[in-house]
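Report on one structure; see the data block that follows.
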Amino acid sequence: MSETDQSNTLKYKIAETFNVEAPEQLYVEAFSNDKTSTAIPKLDNDYVFRKEELRDVLAYLSHPEGDGMYITGPTGSGKTSLICQVAARLNWPVQQVNAHGRLELSDLIGFLSLVNGNMVFVEGALTKAVRHGHILIINEMDLAEPSELAGLNDLLEGAPLILTQNGGEIIYPHPKFRFIATGNSSGSGDTSGLYQGVMQQNLAFMDRFRMLEVNYPDASIEIDILSKVAPDLPEAFRVNMVKIANDIRRLFIGSHNSSAELSITLSTRTLIRWAKLTLAFKGAPNALEYALTRSLTARALPEQREAIHRIAADTFGEIWKNTSKQP
């Protein structure tokens, strides 16, 4: 979307747009459909929204009040997909950046490039979002150097973006510009030891964000998700897969009384992969085990792989080894 002005906005009914229970009079303002835009995320009609998380995201998009939004949660819990699927339904363009330890502020702003013999400024994701009113998503922001991100402090408070690389151009943030970050930690570093490279972020920078914690969906929601992405899978299989996923997650996260026993987890993303591959490999000697290995456990330590497969075998019972009863 080359321009996102205030003249192309619409009001969307929340209940109808997101397929959730909500009063008919509740609306959210966003954009009319621009079919030429490549920045609007692809719509996933099978996506299932969780009401509480959706409420927080819509509240932020409607009334940011000078804040950014930081979404924290375990790997594969759906932090980024939540924002992208909201944006897809609101026709809100999104710029995404994956953070890493060498990410610099200049990477977000843009760079000079030689084009047809002339030096031309190429806008980065941040500049596009600020100028045109897009949502900027920095994925796994807690992997980035805190000193680099601190350069965004003033921008989050509404100060203009100054492009020193482009002759000192000044860009005042578009009214629809939104800054959203995701991370496996809450910005205070990783105390679990499960996420290598996570850094403790600057306190003053994190103070500019409102927080949203996203966990794995309830079992009923994940069963519903599997029914949509793998409808040919028997319902009993879907129920067992979700139960296994939650058993593995408990061992991955640990508890107040015990540390984590697994270094990998079966996320919603991996759960979907397992269901789909079970159908794809239905001709294998043990499709359930074969698909689980390709989806998750091939990257596990040998003893952890054995433990996960034992959990799956105990849950499925005789079906686990009886290929005639598998899809």
Discussion item. Which GluC sites (Glu not before Pro) in segment 116-206 sit in a loop by DSSP (not H, G, I, E or B) and have at most 14 other Cβ atoms within 10 Å of their own Cβ?
Written reply: E157
Worksheet entry | Net charge over other residues, Cβ less than 14 angstrom from the Cβ of D247 (K, R count +1; D, E count -1) | +1
Discussion item. Under 5 Å between amide hydrogens, which residues at least 5 positions from F209 or on another chain qualify, with H placed 1.01 Å from N in the peptide plane?
Written reply: G68
Worksheet item: How far, in degrees from 0 to 90, does helix 268-280 lean away from the longest principal axis of the Cα atoms of the chain, to the nearest 10?
Response: 50 degrees
Worksheet item: Between V94 and residues 5 or more places away or on another chain, which pairs have amide H atoms under 5 Å apart, with H built 1.01 Å from N, and which residues are they?
Response: I40, I135
Worksheet item: How far apart, in nm, are the 7 Å Cα→Cβ label points at A219 and L26?
Response: 2.7 nm
Worksheet item: Counting Lys and Arg as +1 and Asp and Glu as -1, what is the net charge of the other residues whose Cβ lies under 12 Å from the Cβ of N166?
Response: -1
Item to complete: Using just the alpha carbons, could you tell me how many Å³ per residue the convex hull of segment 1-121 encloses?
Response: 165 Å³
Response to the item:
Semi-axes in Å, largest first, for segment 219-325 (Cα gyration tensor, √(5λ)) are 22, 16, 12
Discussion item. Restricting to DSSP loop positions (anything but H, G, I, E, B) with no more than 10 other Cβ atoms inside 10 Å of their own Cβ, which trypsin sites (Lys or Arg not before Pro) remain in segment 7-81?
Written reply: K35, K42
Worksheet item: So between Q165 and S263, what do we pick up on full extension, going 0.36 nm a residue minus the alpha carbon distance?
Response: 30.9 nm
Fill in: ³J(HN,Hα) computed for each position of segment 142-149 - Karplus, 6.51 cos²θ - 1.76 cosθ + 1.60, integer Hz, glycine/proline x
6, 8, 7, 5, x, 5, 6, 5
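Between A280 and D154, what FRET efficiency follows from the Cβ-Cβ distance if R0 is 56 Å, with the result rounded to 0.05?
Calculated value: 0.65.
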Worksheet item: So which residue, out of I180, I311, I83, gets the largest mean-square fluctuation from a GNM of the chain using Cα contacts under 10 Å as springs?
Response: I311
Response to the item:
Going residue by residue through segment 213-227, the Karplus relation 6.51 cos²θ - 1.76 cosθ + 1.60 with θ = phi - 60° gives ³J(HN,Hα) values, rounded to whole Hz and with x marking Gly or Pro, of 9, 10, 9, 5, x, 4, 4, 4, 5, 5, 4, 5, 4, 5, 5
Worksheet item: Between E169 and residues 5 or more places away or on another chain, which pairs have amide H atoms under 5 Å apart, with H built 1.01 Å from N, and which residues are they?
Response: L163
Fill in: Local electrostatic count at V57 - Lys and Arg +1, Asp and Glu -1, tallied over other residues with Cβ under 13 Å
+2
Fill in: the chain: relative contact order as a whole-number percent, Cα under 8 Å and 6+ apart
16 percent
Worksheet item: Just Q304, Q95, Q201 to compare: in a GNM of the chain, with alpha carbon springs under 10 Å, which one fluctuates most?
Response: Q304
Worksheet entry | Rounded to whole Hz, the Karplus (6.51, -1.76, 1.60) HN-Hα couplings of segment 306-320, x for glycine and proline | 4, 5, 5, 5, 5, 4, 5, 5, 5, 6, 7, x, 5, 5, 4
Practice prompt. For the chain, set up a Gaussian network in which alpha carbons nearer than 10 Å are linked by springs, and say which option among N215, N139, N118 fluctuates the most.
Written response: N118
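Coordinate-derived values only; no laboratory data. A quick note: this is a predicted structure, and the numbers were derived from the prediction, not measured. Because the Cβ atoms are built from the backbone with ideal geometry, glycine has one as well, and the counts that use them run over all protein chains shown.
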